[in-house]
């Protein structure tokens, strides 16, 4: 008699992903592990470094079931392979037995080469310029065509739908629900007035922002830096990993998560990024006005992302504070701050 599926038995699919199953999956694409397997940091998917019998090592990613369709994953793979073909340092999946996406016992997975590196030193103008140059090259490839299956980064997908889901599923405590509901709607209404992020509002028909295929989640943790004096198959400088959140959106989405600090510090960091960027591609400075709206979209989307993942045992362990009244009161305060920030003059570089 067949065993019940993980979903029917109340077990999260990732709980069934044992080391033996990881190694068995790799064997189906002709790779034999030597038994050494290390789980790498990832909440959305499950990612492992696996040493092979031939002495090499690979990274295998098992995609979260039901998040992306095969077509959407393959669009990400095609984009990363386009970037590699353009000699841009992106870690793309290996094509094994003629395919980059594989399936094993209900899981979709891909295999990539192992790449080392350290976080980039974002206080260095030279490092930021170097990253900016490669982001421009990524965007030049990204602008060549559009994603057909992957959703865009806009108000509908990053705010309206997550907000509706949170309220419909009673994820917000009653003592803060009305405040959060009101402020999140005010934020959405304000964001819709910015060209390039929505389909309605005062700015929708005024010179909309150009959109292109993006990395989508270009925070410092997704850039590995190799110093000039360190040996690496990818060469010195930045190399970009994890295009799992690649979407169509404005170019500034791949810049703003790399800056931090007070207004003066952020302007200086953005200036260095743009200086490097414009060595290869023009940057539309009107997009600087989208930084705070994009930050607000991420704020709403992040709460829904956590709530939707809480059946995965790794989430309650790593985010024990999520869902409490204190958490949502903090979200209310951040929405208030973002409503003010979106009314300020944009950064100047």
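None of the figures in this text is laboratory data; all of them are computed from the coordinates on show. Treat the numbers as computed from the prediction; the structure is a model and nothing was measured. Cβ: placed from backbone, ideal geometry, glycine included. Neighbour counts: every protein chain shown.
Counted by neighbouring Cβ atoms within 10 Å, the residues 277, 302, 63 run from fewest to most as 302, 63, 277.
Neighbour counts of C-beta atoms inside 10 Å place 275, 217 in the sequence 275, 217, starting with the fewest. Across the chain, Cα pairs under 8 Å and at least six residues apart give a relative contact order of 18 percent. Remark: 134, 14, 194 ranked as 14, 134, 194, counting other beta-carbon atoms within 10 Å and listing the fewest first. Mean separation of Cα pairs under 8 Å and 6 or more residues apart, divided by the residue count, gives region 6-113 a relative contact order of 20 percent.
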